[in-house]
1. Kindly write out, for the range 122-135 in residue order, the coupling ³J(HN,Hα) from the Karplus curve 6.51 cos²θ - 1.76 cosθ + 1.60 (θ = phi - 60°), rounded to whole Hz, with x marking Gly and Pro.
2. Long-range amide H contacts for L1044: which residues qualify at under 5 Å (H placed 1.01 Å from N, peptide plane, sequence gap of 5 or more or a different chain)?
3. Translational diffusion coefficient, Stokes-Einstein: compute it for the range 251-335 using the Kirkwood radius over C-alpha pairs as Rh, at 4 °C and 1.567 mPa s, and state it as an integer in µm² s⁻¹.
4. How large a share of the accessible area of the range 909-966, in percent, is made up of carbon and sulfur atoms when the probe is 1.4 Å and the other protein chains stay in place?
5. Taking the Cβ of H1272 as the center, what net charge do the other residues with Cβ under 9 Å away carry, scoring Lys and Arg +1 and Asp and Glu -1?
6. More than 16 Å apart: what percent of Cα pairs in the range 761-835 qualify?
7. Need the full-extension length gain, A992 to Q132, defined as separation in residues times 0.36 nm minus the C-alpha distance. One decimal, nm.
8. Provide the FRET efficiency to the nearest 0.05 for the T1104-V1222 pair, computing r from the beta carbons and using R0 = 35 Å.
Amino acid sequence: MLPTISEQVLGEAILQSVQHASFPQAEDVASASVPSTAIPKLLEMVRKAREQTKNEIRCLARESASDVDGWISQARRLQADIKRSQATAHEIVQQAKSGKTHTAKVQDAASKVSFLYSEMAYTESLAQVVEQIRDISGLVQSAQDAVVQNYIKSALETLGDVDGALERLGPFKSTRVVGVLLSRCNDLKATITDNVRQTWDRLVSVDEAGRQIAIQYKMETGERTISMDSIHDALMKLDLLNGFIYRLYQDLDRIIMAPRLARSHGDPVPALIIEGVRIRLSDNSAGVTVHDTLLAIQEVAEYLNSCLPFYIAAPLSAKVVPAIANRLITNWLLPAVPLSTDKVQDFQESLSLVLGLAEFFDELGWTGQQRLREWVDKSAQIWLSMQRDAALAQVRSLCFKNIHQKSVVERVETQKVPKGDAVLATTATTEEQDEDWGADWGVEPQEEPPTKTTVSALAEEAYIEEEDLSAWGVDEEDVSNDEPTQQSKASATQEKELGEDEADSWGWGEDEQETEAAPEIPATPATPTKADGIGHLSSSSVLKEKQPREKEVTLREAYTVTAIPDAIMEIVMQAVSDVAILNQPELVKSAITPASGGLYHIPTLVMAMYRATAVMHYSKEVAGDMLIYNDCTRLSDRLRAFLSELPEKDKSSTLPQHLKPSLRLKLDGDIKAMEGFAKRAYGRAMESQRTIIRDLLDGAQGFQRCTSMPFAGECDRAISMTVDRIYEVKCQWEGVLSHSVLLQSLGSLVSTALAKFINDIEDMSDIAEEESKKLKQYCESLSELSNLFKTDGPDGKARDMTNMYTPNWFKFQYLSEILDSSLADIKYFWTEGELKLEMDAEEVIDLIKALFAESEHRRKAIGDIRRTEKVIDLEIFWRACPPNFKPLYMHPTTMAQPQNNTAEPSQAKVQIRLATRHEDIELPEDPGVLFVSTNLKRYALSSLVNNLLHTEKPIPFEFLINGQFLRTSIDEFLTLNGISAETVLNVEYTRALIPPLQVASFEHDDWVSSIDVLSQTSLAGLWSGGSLGSGQERILSASYDGLLRIWNMSGEVIATSTAPYNAGRIISLKSTKFMSDKKIVASGLDGVVRVYKYDEDAATITPTVELYNHNSGVENVAVHNQSSRILSASTDTTISFFSSSAKESPAAPSNFLPTSNAASNKRVKLSKADKTVPARGALSTLVGHTQPVSSVIFAPNDHTVAYSASHDHTLRTWDLPTSRSVDVRTTGHALLSLTALSKLNLVATGTAARHITLIDPRASATSVSIMTLRGHTGPVVSLDIDPSSDYGLVSGAHDGTCRIWDVRSVRPGAGAQVGEGQVGESVYVLEREGQKDKGKSRVGGEGVKVFSVRWDKAVGILSAGEDKRVQINRGSNSNAS
């Protein structure tokens, strides 16, 4: 309730508020209510307060009235004062105006006075200047008189005084009269200069025609005498001395020094003659030795010193001596540097004379001779450099000349072989027979104590790869680690490293990968025992033999070499000999002897030069690479023999310890490099022939229809041409290679042919009876190659050595027998014979299935073979293993182990069989079934395989069991998959893939729709004939801005195309491919396929032909360079088959040309380019799809077959010659991309359902989908295969990622939908760089969609897409990925 207060208090509060603008402070007053009854009272109080205020104001007014009157009177007085001041100021102003006139008059008078004073001063200064000019004129006249009287010095001094006087004239220097005086002075100076020049010419007379110069110190001319002194003073005052001295130097150099110091072959050197003050060159020939030349130079110096005063001779020497030194060094001293030791003393004498000449110049006080001293000081280095240059030039010359000089040489090696060797056991039963065998091979037997068993020999050879064994004997790296090679047994030398200068400058070829190992002469050509009519060496039978004694045999082999190795050896031996000669007492103090140790580096340089130029010189020879191999072998042998003799020779050598060749001549590394070079040459030749043989057999197309024409003819030709080719190679190499190396080489080629033939037969799923007979005939034809390996035995009978030189010969013979045998025979070969040693059970079973129809007999035979599959005897394996082999995978209860190896007896074990599909990591010998602990994981299994491979650097492996990668222990895998521990596990190992890292990113202006790569390993690079080198990789990108761009690996744009012409509109590009290193194909949304010419030198991409056959956009193109064919997939549901050559192509259909649209014809004509591009049509149109075609490819192994994928859910196979669809595979989803896994006979298709489907396109396939790869969350629009693996591929999708797949990586426990086969999972996921920058994934890949991927071995994994970038990812376990 509001408080109530009295009206009096309320009224006072209101008045207080009005008067002082303050609010009541009391709470009860501020919150009190004002009743209506109090209003009259309050108004009365306000009225009274107002009246009171008025009365107070009146009172104050009356009290202050007198003061106001005073203020008013004071103001009136002040106003009067102001008016008086204004009048006074006006008067002052008037007075000031009247004074200005007087001031102006005064200033005018003052200025006139000042002018008069300045005129007086000027007149006085002018009088002084006139006086000075008169004096100057007098001086000029005096100078002129002195000139007339030939007092040159006096005249010049007077002119000097004139110059000083003129400087003192100050501003009067610019007057006309002074100009006249200056002109007279200049004329006098010119006259004096002419007089001085004439006087100089009298004292220094030059007769160029007579090749002579006369210099006089003094000369009498009538009444006066002229001398160099007066001339010198005059030239100094005229500042012309340097010019005259330089002219004298030029005359002296041109007329005297240059002809005398010149040295040309055939032209005589003129003699120098000095007659008093005259020096000249005569027509007589002078001495052509360095000594004669140095004496001539000294005579010239003495002449100049006697004829010229020092103050002229000294500056002249600064020009003459350097010129003399340059010509002396270039024309006389450098040619005098001895390249042989018999001229060292003469050269040393020349150096002494050069130093004497420099000292003579010092005595004369001359300068410029330091160059001569420096050359003498560096003479040792110069000599050594010239020795190196001469040696290298000699190598180039001898390679050119001696390549055609061939001779047959003999190589002799002494080796120790076991007397109980299998070969000796089969070829002789007595000591006499052994010696007869040795005589047949050129062997000289010697008895030696036993040191080696056959078992240990088998253990060492058990880890040598089959291919290397057939072609080379042993692998270089394995032998170097475990046992010396045959050559190193002959002469062991120390390891060495190249010197820094040689290693930096001459490392040619050292980093190349050795593809083959050098073949060795077979010490014991093993002839296996026979079983079932087919020979095979049984390891168990060998192990049962007694430990044999060793026998020393000498092998002799003849082979052809050129004269180059012996010529190089002469250079090497000459270098060593020169070191010894230079350090003999009579030469040890010569200037070049301290550099003699550098001669030991010349052999390294010589051999490096040989390796760098050999390929070019040998390329014209029929068997050039084999000649390189022979020459390098010959050179290596001679170098080893030479090095082995040095220690003994050094014992009697007088050379200092640090110069003895056995310590300084480090050639081990050069010998190794030479052997490696030989192996690479041999490898090139072998690989070339292997490729030819494989290509010839590829013509049979796998022998699939060898009995039906025309395929039968192709198969017949493939076999006959292969046999003929091997015989042709034998004819080419027979006169070059030694007999044993020839047999090894031919054995390797035969092995290649047989391996190809065997693999083709094993790949045949069905072999009819007629086909079997035909294949048997082919086997008989190939068997004729055994004639290459037949030699005469010790008994005079022919002996077949094919099985020794051809590792798969027995397997081939068994295959031949199987093709013509019954089930019982095949079973007998397996159970009673030794077929199991050549083929595994699955190989035999597959052949049985292909040869025989399904029956009870076939099932029984297959069962028997599987039950009797061999398991390796682990005790024999242990005894055959090398001493450092680690048995981490063997259980102690399964075999006899070394004494110090123990393991827990309760540890579970399982049987495994190791295998791989990669030849480079294949085990040297099949270990059979191994018992390993079930606790082993991938790391332990990797250690096992690395031990079996004897790898120097461990290789990480992945392991597949039943097609699935092993990610756990073996025990867990068995449990997870329900596999019994008693089952023999087939374990496949392969190199582990290192995660590819993002290494580069190339930004564009718009979306990047397609990319391609040009490299040594890409299809376009291979089609270009191998013209690309390392570092020349190029990346091609097509963008939505209508431009093609070519990039280098540094991210620089090398060339950019012009936008396609379309009436000024931008045409987005959708697909592009390199067709070669000079040709590009691209397509876009305008439906035109364009062929471009790429010129890297001009940095241009120019269209050469436009191909028309689509009325809608072209989504994808495929190219095949050899046939010049192009396929294009369009959204108009068709595929066009084009030629890239305008000459082969028909005219373009008029309805597809841009000018066919009448409505736009005018605009097109107005914007049309001046230069038109030829327009052509398609060779044919492939019709069959009902919806847009998304992708098309050529079949990898047959360019007459193509595959296409479409939105109509189908994959079609096309026969291009007939333009017909020969097969259709229908899937459940739209297909967006396509690539082929040729080795697996599969086609991978990316779908709109976010997965990849693997389809077998062959007509014999019973199901559509073999496998489904799941992991993407967006449509899969691009695919490419792994260039280093038959099972890998990469995919790009609209989810913004690329995924790497291995089709052997099956998702454990995952089931696919009906008809989709197994389910695979990705190995790695590659995200876009832009996606990583944002720190989070884009929904649906928005902004980072991948449109195109490529996988190149040299460059890596490339991807491009919506983020306007080309991204490169690369792994570290291979060249690029």
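1. Using θ = phi - 60°, the values come out as 5, 4, 5, 5, 5, 5, 5, 5, 4, 5, 5, 4, 4, 5 Hz.
2. HN-HN under 5 Å from L1044: S1057.
3. Calculated translational D: 98 µm²/s.
4. 45
5. Numbers: positive: R1250, R1270, R1299; negative: D1295.
Net charge around H1272: +2.
6. Counting pairs separated by more than 16 Å, the tail of P(r) holds 59 percent.
7. Details: separation 860, 0.36 × 860 = 309.60 nm, distance 10.56 nm.
Net length gain for the segment: 299.0 nm.
8. The value I calculate is 0.60.
The values are calculated or read from the model by the stated rules, or taken from the named source; none is laboratory data. The shown structure was predicted, so the numbers you read here are calculated from the model rather than taken from an experiment. Every residue, glycine among them, receives a Cβ derived from its backbone with ideal geometry; neighbour counts consider all protein chains shown. With ligands, DNA and RNA removed, areas are computed over all heavy atoms of the protein, side chains included. Shrake-Rupley method; radii C 1.70, N 1.55, O 1.52, S 1.80 Å.
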